[in-house]
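Please read the structure below before turning to the comments.
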Amino acid sequence: MNNNQSKNNPIQEQIKLLQQCPICKGQYDAKQAKVVEERGEANLIHITCPHCSNSILAVVVISQIGMSSVGMMTDLGENDVKRLRNKNSISEDELLDFHSLLQSNQLNFSK
């Protein structure tokens, strides 16, 4: 693919690295890949498998030396990723407080 073609269809070029779903091994449809965020040479991409409906969130980096990606399975939808990506992380203290709350049986999750 020449340079002009990859500029015209960057998602399809990037999705080549994410060819198949790690769960069902079905082929991804590049048309379903959504660029959630772009930063320089890196793109955050969300894609949902058309076969099993599992989603992956991947960072795809394109540089002069080639393309690379790292991805993870997620239960977040594209809109969830957009909404949550710039939120602060949960602190260790908040996590420990929540753990203590669960251990104290002060929460009742049953109806």
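The values are calculated or read from the model by the stated rules, or taken from the named source; none is laboratory data. Predicted model only: the values in this text are computed from it and were never measured. Ideal geometry is used to build each Cβ from the backbone, glycine not excepted, and the neighbour counts take in all protein chains shown.
Some values worked out for this structure:
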quantity: Conditions (1) over 28 Å from VAL36 (Cα atoms); (2) under 19 Å from the mean Cα position of the chain (by Cα); (3) of a type in the set (Asp, Glu); number of the one not met by ASP80; calculated: (1)
quantity: So ILE56, is it of a type in the set (A, V, I, L, M), within 22 Å of PRO22 (Cβ to Cβ) and touching a helix residue (DSSP H, G or I) at 6+ places or on another chain (Cβ under 7 Å); calculated: no
quantity: Any hit, the range 2-16, residues being within 14 Å of the chain's Cα centre (by Cα), in a strand (DSSP E or B), modelled with pLDDT under 90 and aliphatic (A, V, I, L, M); calculated: no
quantity: Matching residues in the range 69-86 - criterion: being aliphatic (A, V, I, L, M) and either surrounded by 14 or more Cβ atoms within 10 Å (Cβ to Cβ) or in a helix (DSSP H, G or I) (or both); calculated: LEU76, VAL81, LEU84
